[in-house]
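*Asks:* One structure is given below, represented as structure tokens, and several questions about it will come after.
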Amino acid sequence: MITLLILIITFLLLMLAIIWGHFFRSNNTIQDHNNELRDQTNIQLYQEHKAEIEKDFNREAIDEESYQYLITELDKSFLQDMTASEKEAAKFSPAINNNMSWLWPAFITLFILAFTITLYQKQGSYAKLSSNLTSMPAENNTAMADNSSETASTLAKIKELKLALKKTPKDSNLWYSLGQANIGIGDFNAAVNAFDQVIKIEGKKAELLGAKAQAIYYGNGQKMNTDVQTLIDQALALDSLDPSTNVLLGMDNFIHQRYQKAIHHWQMIVDSGRKNINIEALTGAINEARNRLAGTLNSGSTTKNSTTDSNTNSPKLTLNISLSKQFQQALAQGDDKTVFVYATPTDGRRMPLAAMKIKISDLPTTIELTNAQAMSPQFNLGSAKTVHIFAVISQQGTPGIKSGDYKAELKNVAVSTIKPIELKIDQLVP
């Protein structure tokens, strides 16, 4: 009977492998074609938009600062589109391809299973085999299924990504997905290697440096080290509001019971208004940090004093921004344009120490420039004594001051200024 059982199981597995193997190979071919077409479209659109920006720059329609800003935004948009396409393909393509064709392999599978069971029943051993199986502890079966299903799914995805990378080794989106998948199974060294490949292809970008920092941080037992801190500094210098980097900083501060700092980093992400952010999860984390902070304060710790001192010493410029009446009617006719509000150091450097974006429809309004709006944690309002303040209505929707824009400016404003500052947009840039 043992020999017969082995032969039946071998026959069953062989037949199912042939049937379903052919089925999945056929569908994967269709899916790969669809994904390739989608990726080619994204790349073509990216190249066309980049060519338009370079054309405007070459004919001096935009300055170098605006050119760099637009190229950076275009690169981010391209990365997001490719990532979204990959997720969309993974979610919808199998359903489209398999909606009809799954019926025939399923029917044959049922037939083979019925035939196999009938054959074994006729040999008189079905009852004994059933008894042996049901005598196994149910909890053991459940535990094995729970522990293996998620890991098996991730390992299968990793295998698919590696096969795809053999065909397109310079596909940064595939490398990024491979890094995230390796984090999911706890292979942090492999994740770091994958993110290194993305950085090699795409260059140093805040979101990539932040992802690599997270992998090293988890691989180091959720402890900061020199490598992690260096990556964090580089990421924040490129984008002070980078979600992955600020999530990491918030988590590390939370673990070490620095709840106020954790709230600060997470709240920055929520307030940034960026897409593809799990606002609900971040809000829950912020509330938990606030609850723990309140408990710490009520227990008589010194956290309250240190937090108060930190807030007191942090510079804050309050700006009352308005639009001159002579320009209100002209600007009311067109689109709701962007207003860039920022403070620059008085030593000639052009990078803003703090910056915000609002709309003409928001005017008049009152805003606050603080260290939270800094482009870099080391290059903020607290690093200067005086600043130049600008409010610019951009005709092209890009930062910088260009001909045809409307602006207001105040020179040599003390960072220590407490009273609200009046900033009226009343100048047309010639």
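The values are calculated or read from the model by the stated rules, or taken from the named source; none is laboratory data. Everything quoted here is computed from the prediction, not taken from an experiment. Note that each Cβ is placed from the backbone with ideal geometry, even for glycine, and that neighbours are counted across all protein chains shown.
*Asks:* Working carefully through the options Val415, Val392, find the one that is touching a residue at least 24 places away in the same chain (Cβ under 8 Å), within 25 Å of Asp63 (Cα to Cα) and under 36 Å from the mean Cα position of the chain (by Cα).
*Replies:* After ruling out the rest, the residue left standing is Val392.
*Asks:* Continuing with this model, one more query. Within segment 343-392, work out how many residues are closer than 27 Å to Ala262 by Cβ, in a strand (DSSP E or B) and not hydrophobic (A, V, I, L, M, F, W, C).
*Replies:* 4
*Asks:* With the requirement that a residue be aliphatic (A, V, I, L, M) and in a helix (DSSP H, G or I), what does segment 268-288 give you?
*Replies:* Met268, Ile269, Val270, Ile279, Ala281, Leu282, Ala285, Ile286
*Asks:* Another question about this same structure. Of all the residues that make up segment 178-194, how many are modelled with pLDDT of 90 or more and surrounded by fewer than 20 Cβ atoms within 10 Å (Cβ to Cβ)?
*Replies:* Adding up the residues that qualify gives 3.
*Asks:* Specify the residue that is surrounded by the fewest Cβ atoms within 10 Å (Cβ to Cβ); the eligible residues are those in segment 380-414 that are of a type in the set (Gly, Ala, Ser) and farther than 15 Å from Lys316 by Cα.
*Replies:* Selected residue: Ser403.
*Asks:* Answer yes or no as to whether Asp233 is closer than 29 Å to Leu155 by Cα, in a helix (DSSP H, G or I) and either under 18 Å from the mean Cα position of the chain (by Cα) or not assigned by TED's automatic domain parsing to the domain that holds Ile358 (or both).
*Replies:* No, not satisfied.
*Asks:* Return the residues of segment 329-361 that are more than 20 Å from Lys402 (Cβ to Cβ) and surrounded by 13 or more Cβ atoms within 10 Å (Cβ to Cβ); say none if nothing qualifies.
*Replies:* The answer is Pro345, Thr346, Leu353, Ala354.
*Asks:* Among the listed residues Leu161, Leu155, Leu178, Leu249, identify the single one that is out of contact with any Cys (no Cβ under 8 Å at 6 or more places or on another chain), of a type in the set (A, V, I, L, M) and within 27 Å of Leu353 (Cβ to Cβ).
*Replies:* Exactly one residue qualifies, and that residue is Leu249.
*Asks:* While we're here: How many residues does segment 195-213 contain that are over 16 Å from the mean Cα position of the chain (by Cα) and either on the phi < 0 side of the Ramachandran plot or at pLDDT below 90 (or both)?
*Replies:* Within segment 195-213, residues that are over 16 Å from the mean Cα position of the chain (by Cα) and either on the phi < 0 side of the Ramachandran plot or at pLDDT below 90 (or both) number 4.
*Asks:* Those residues that are surrounded by 15 or more Cβ atoms within 10 Å (Cβ to Cβ) and among the polar types (S, T, N, Q), I need them from segment 195-240; list them, please.
*Replies:* Gln197, Gln214, Gln234, Ser240
*Asks:* Follow-up. May I ask you to verify whether Tyr217 is of a type in the set (Ser, Thr, Tyr), in contact (Cβ under 8 Å) with a residue 60 or more places away in the chain and assigned by TED's automatic domain parsing to the domain that holds Asn287?
*Replies:* Answer is no for this residue.
*Asks:* Being of a type outside the set (A, V, I, L, M) and closer than 17 Å to Ser177 by Cβ is the filter here, so list the residues in segment 197-247 that pass it.
*Replies:* Gln197, Lys200, Glu202, Lys205, Glu207, Gly210, Lys212, Gln214, Ser244
*Asks:* Of the residues Leu248, Leu231, which is more than 24 Å from Arg292 (Cα to Cα) and among the aliphatic types (A, V, I, L, M)?
*Replies:* The conditions single out Leu231.
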